[in-house]
1. Filter the cross-link list Lys117/Lys160; Lys78/Lys164; Lys107/Lys166; Lys91/Lys134; Lys59/Lys164; Lys78/Lys123 down to pairs whose alpha-carbon distance in this structure exceeds 25 Å.
2. With r as the distance between the Cβ atoms of Leu195 and Thr129 and R0 = 22 Å, compute the FRET efficiency 1/(1 + (r/R0)^6) and round to 0.05.
3. Using a 7 Å offset from the Cα along the Cα-to-Cβ direction at both Ser97 and Glu180, what is the distance between the two label points in nm, to one decimal?
4. Starting at the first residue of region 217-226, write each ³J(HN,Hα) from the Karplus equation 6.51 cos²θ - 1.76 cosθ + 1.60 with θ = phi - 60°, in whole Hz, x for Gly and Pro.
5. Mind giving me the nanometre distance, one decimal, between the label points for Arg213 and Asp144, set 7 Å out from Cα along Cα→Cβ?
Amino acid sequence: MFFRQSRGLLLAILLAGTCGVLWPENAAGGSTTNLNSVEVVDQIQTHNQARTDELKRYKSLRHYQVEYRGYATTLAAKMDVEVSYNAATGKTFRIVSQSGSPFLCDKVLKRAVDSEKEAGQDKASSALTNANYKFVMLGSENVDGRPTYILHVEPMTESKFLYKGKIWVDAADFAVVKMETEPSKNPSFWISRTLIHYTSVLAHGFWLPQGIRSETKVRIGGTAVLTIDYGSYDFGQNVAYSGAGF
């Protein structure tokens, strides 16, 4: 029993932190122009601010799931969370349902929600800026038929809300549409490595999170996988961002 609880706590520390790392909310084709990494980052910040100003509200129903396999043991849990965003007050989270391992629901999935709340209280410390990251241009390629820039990002400091790896930036909207990263700071010796895959979706004129898959290798054996399906977005009377003039 002690071994199982200790293992769960180790997983909870990292898996919950994963969700704080990856929550970019960015508000169409063409080809990439000859921009360097500095110019692309400048455009990211300019467009992100414009989209933040335009995005007024939305609701979505997220689907969280975590599964651990190892030592002939499988533990799993699921949770549905209604998320409401309002530009004036920020995000609110309401757990709609949960099932599976109560321990994983409490120590992993609920912590994932709490981690995002914490990250949202200080957005500047986790933003894609020159203050937080070093950027290197790697090239360009199409993602779902849209040209993108590929950049390597390296955090300036170790933080549970920063990451290192590759990001794909839409060449027209300068939104982050894809990430393949790992946390900049390993929270425990018992975690050997965590790989995170993130995608976003263009919804009602805004780029918003679509899905996260985090796979964690544990030194004591086994693999834990956390997935978040962000579902569809209901914008109510929100005015869509057109991208014009930015």
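None of the figures in this text is laboratory data; all of them are computed from the coordinates on show. This one's a predicted model, so the numbers in the text were calculated from it and none came from an experiment. Reconstructed Cβ throughout: ideal geometry from the backbone, glycine too, with neighbour counts over all protein chains shown.
1. Working: Lys117/Lys160 14 Å; Lys78/Lys164 28 Å; Lys107/Lys166 29 Å; Lys91/Lys134 29 Å; Lys59/Lys164 30 Å; Lys78/Lys123 27 Å.
Violating the 25 Å Cα-Cα cut-off are Lys78/Lys164; Lys107/Lys166; Lys91/Lys134; Lys59/Lys164; Lys78/Lys123.
2. The value I calculate is 0.35.
3. For the pair Ser97/Glu180, the computed spacing is 3.5 nm.
4. The phi angles translate into 9, 9, 4, 7, x, x, 9, 10, 10, 10 Hz.
5. Going by the 7 Å Cα→Cβ label model, 1.5 nm.
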